Structure formats: C-alpha cells, structure tokens
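Here the structure comes first, spelled out in structure tokens, and everything after it is commentary.
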C-alpha cells in the first residue's frame, strides 16, 4: 500500500490509514510435541504449516503459504 501511495500525485495520497485488524494466533503447537503435556488436548484438528520453522515446541509461520494456511484455519 505504501509503495503504491508513494507513486500517486500528492493530492491523491493517503492522509491516514485506520486498521481495525484481524487477529490470528501466529504460533502453533503440535500435539506430538508434548504428548502428555498441556498440548495433548485437541479442541479441533491441528493444521500444519507447510514451511514453518520450529522454535522449542512452537511452530512459527515463515512464508506466505504458512500465513495463508493460518488464516484458513482461523
């Protein structure tokens, strides 16, 4: 959006942006990471990130495909 706005004539540029947001949980725990721990209970089926990186027992989205997967599951 900024890239496009910078190329517009000054009179047509945005004055402000109001973002009301859409909240997603970006980090994910897979049940097998703690089979007897607090992540063992499933409220719904866990989605899998196609490219996500693992940090300790958390899976973090790192690509556009990961974020698209996260939004579809939310």
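Going residue by residue through region 41-60, is there one that turns out to be modelled with pLDDT of 75 or more, closer than 30 Å to residue 4 by Cβ and in a strand (DSSP E or B)? Yes, some residue in region 41-60 is modelled with pLDDT of 75 or more, closer than 30 Å to residue 4 by Cβ and in a strand (DSSP E or B). Checking each residue in region 9-31 for being assigned to a loop (DSSP other than H, G, I, E, B) and over 25 Å from the mean Cα position of the chain (by Cα) picks out 9, 13, 14, 15. Taking first residues from region 19-36 that are on the phi < 0 side of the Ramachandran plot and loosely packed, with under 10 Cβ neighbours inside 10 Å and partners that are at pLDDT 70 or above and not in a loop (DSSP other than H, G, I, E, B), no Cβ contact under 6 Å between residues at least 6 apart in sequence or on separate chains turns up.
Taken over region 58-74, the criterion of being exposed (fewer than 13 other Cβ atoms within 10 Å of the Cβ) and either in contact with a helix residue (DSSP H, G or I) (Cβ under 7 Å, 6 or more places away or on another chain) or closer than 20 Å to residue 31 by Cβ (or both) is satisfied by 72, 74.
The values are calculated or read from the model by the stated rules, or taken from the named source; none is laboratory data. Note that the structure is predicted; figures quoted are calculated from it, not measured. Neighbour counts are summed over all protein chains in view; Cβ atoms, including those assigned to glycine, are modelled from backbone coordinates with ideal geometry.
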